[in-house]
Amino acid sequence: MLDINFIRENPEIIQNSEQRRNHNPQNINKILQLDLDWRKTLKSLEELKHHRNVVSEEINNAKKAKNEPLANQKIKEMRLVVNDINAKETIVAQLLDQRNALIKTVGNILHDSVPQGRDDTENKELKKCGKIPQFNFPLKDHIELGLELDLIDLDTASQNSGARFYYLKNEGVLLSQALQRFAIDRLLKKRYTLIQPPFMLNRASLEGGINLSEFKDTIYKIEEEDLYLIGTSEHPLVALKKNEVLNEKELPLKFCGISACFRKELGSHGRDDKGIFRVHQFNKIEQIVYCKPEDSYKYFNEMQKNSEELFQELELPFRVVQICTGDLGNKQALQYDIEAWMPGQNNKNGQYREVTSCSNCTNYQSITMNTKFLKKDGTKEYVHILNNTALTDTRPIIAILENFQTKNGTVKIPPVLWSYMNGIKEIKKKKK
């Protein structure tokens, strides 16, 4: 969420950003009015508490002087003051809750480069990398290849767990592990700290990374527990430094998160979203950076480059798109996606589909988490927090199966993964 001090001092900047997001800019005026009412009522409450202390002292003095009539009079006055205090405390709490709830609906300040657009159809293509393969034989999508090569079992998973689940088998499991180890090794060379976090978070910690009202159709809640399954290791890693004051010398902090991810993934029921494309459970290697505000866009570019290099090494064609105002979440000031080419999509005519998202959330999450750093001059400032997918397993597996398929029905493994695949260089049909 945005800092209330920033809102007080820069209402026009926020209103302009909200207008670009197609949000109601008048909400800023409502926040400021609630904030003004809260401060006035709080001041009145503090005056009442001071008056209570004065009357309490007068009661003590009257009793010491054995002036019972005066003491009784002051006790009656005290009761009225206490009633007023209780009423004011209720109003103060209500105003603060209303103000903060409305602040949470306000988006981060958009970066100047974010393109205007209504939805994902108006995202801006920045560049394309790699050569799209041409096939001189009937193309198969990842579902056909996965079943024929005995890499996935969708029917049994559907019976045992429901739609959008899968059993990964044989070389499919090796490929999943290979992709994760490949990404981990590359980030280790770049001096990222490996962390496998808890896969469940309580509400207070989860809300630091996301607005739960926006993600109610995405995040799984554990019944009768104050726990939620994480949708990404971003969530627990954003909470890692909750309520801490870091030293400026510690920054940047670079984390490589390793976790399973759990998502409801409601909607989208076409074939392009079946198989292992849009699933309730998958594995992901995540990049998280905590840094000084003046460095955040430098690390945004670094993290984006890290992901692009991974897909270049995998020899997978992809493009980079910049997310427009209508498709951008509230927490992001800027977001780039990598979309890998998947030949089996779009009725086997091929299509670019999202595989990574790189986001600069500036101080939007650190304000909620109360994560600051101590500057050399002794002042404190909120850190900037960025996140980016390094690699997931399921969607890159789809891209590999479909881009590296052969006319013999086999799938070649990208050379960079050979050492992680027990020497397997090609996935072939199983002998019966």
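Some observations on this one:
- Where Val416 falls short, out of the listed (1) of a type outside the set (Gly, Ala, Ser); (2) outside the structural domain of Gln322 (by TED's automatic domain parsing); (3) closer than 19 Å to Val173 by Cα: (2)
- Only listed residue being in contact with a Lys or Arg (Cβ under 6 Å, 6 or more places away or on another chain), assigned to a helix (DSSP H, G or I) and farther than 30 Å from Tyr297 by Cα, chosen from Glu89, Glu47, Glu58: Glu58
- Whenever a residue of the range 144-159 is charged (D, E, K, R), its partners that are in a strand (DSSP E or B), lying with C-beta atoms within less than 7 angstrom and at least six residues away or across chains, give the pairs Asp153/Tyr167.
- Of Ile397, Ile424, all but one fail to be assigned to a loop (DSSP other than H, G, I, E, B), touching a residue at least 12 places away in the same chain (Cβ under 8 Å) and either among the acidic types (Asp, Glu) or out of contact with any strand residue (DSSP E or B) (no Cβ under 7 Å at 6 or more places or on another chain) (or both); the exception is Ile424.
- Selection of the range 275-291 for residues being under 19 Å from the mean Cα position of the chain (by Cα) and more than 13 Å from Ser359 (Cα to Cα) yields Arg278, Val279, His280, Gln281, Phe282, Asn283, Lys284, Ile285, Cys291.
- Test for Ser307: is it among the hydroxyl-bearing types (Ser, Thr, Tyr), surrounded by 21 or more Cβ atoms within 10 Å (Cβ to Cβ) and within 22 Å of Phe182 (Cα to Cα): yes
- Considering residues of the range 150-178 that are surrounded by fewer than 22 Cβ atoms within 10 Å (Cβ to Cβ) and of a type in the set (A, V, I, L, M, F, W, C) only, the residue farthest from Asp273 (Cα to Cα): Leu174
Every residue, every condition in (1) free of Cβ contacts under 8 Å to residues at least 60 places away in the same chain; (2) within 26 Å of Leu194 (Cβ to Cβ), yes or no:
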position	(1), (2)
Lys216	yes, no
Asp226	yes, no
Val238	no, yes
Leu246	no, yes
Lys249	yes, yes
Lys254	no, yes
Gly257	no, yes
Ala260	no, yes
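- In the set Ser56, Ser17, only one residue is among the hydroxyl-bearing types (Ser, Thr, Tyr) and either assigned by TED's automatic domain parsing to the domain that holds Gly209 or under 28 Å from the mean Cα position of the chain (by Cα) (or both); that residue is Ser17.
- Here Leu194 does not fit the description of being of a type in the set (A, V, I, L, M, F, W, C) and out of contact with any Gly (no Cβ under 9 Å at 6 or more places or on another chain).
- Of residues in the range 248-265 being hydrophobic (A, V, I, L, M, F, W, C) and within 23 Å of Tyr336 (Cα to Cα), the one surrounded by the fewest Cβ atoms within 10 Å (Cβ to Cβ): Ala260
The values are calculated or read from the model by the stated rules, or taken from the named source; none is laboratory data. Every value quoted in this text rests on a predicted model; they were computed, and no experiment measured them. Note that each Cβ is placed from the backbone with ideal geometry, even for glycine, and that neighbours are counted across all protein chains shown.
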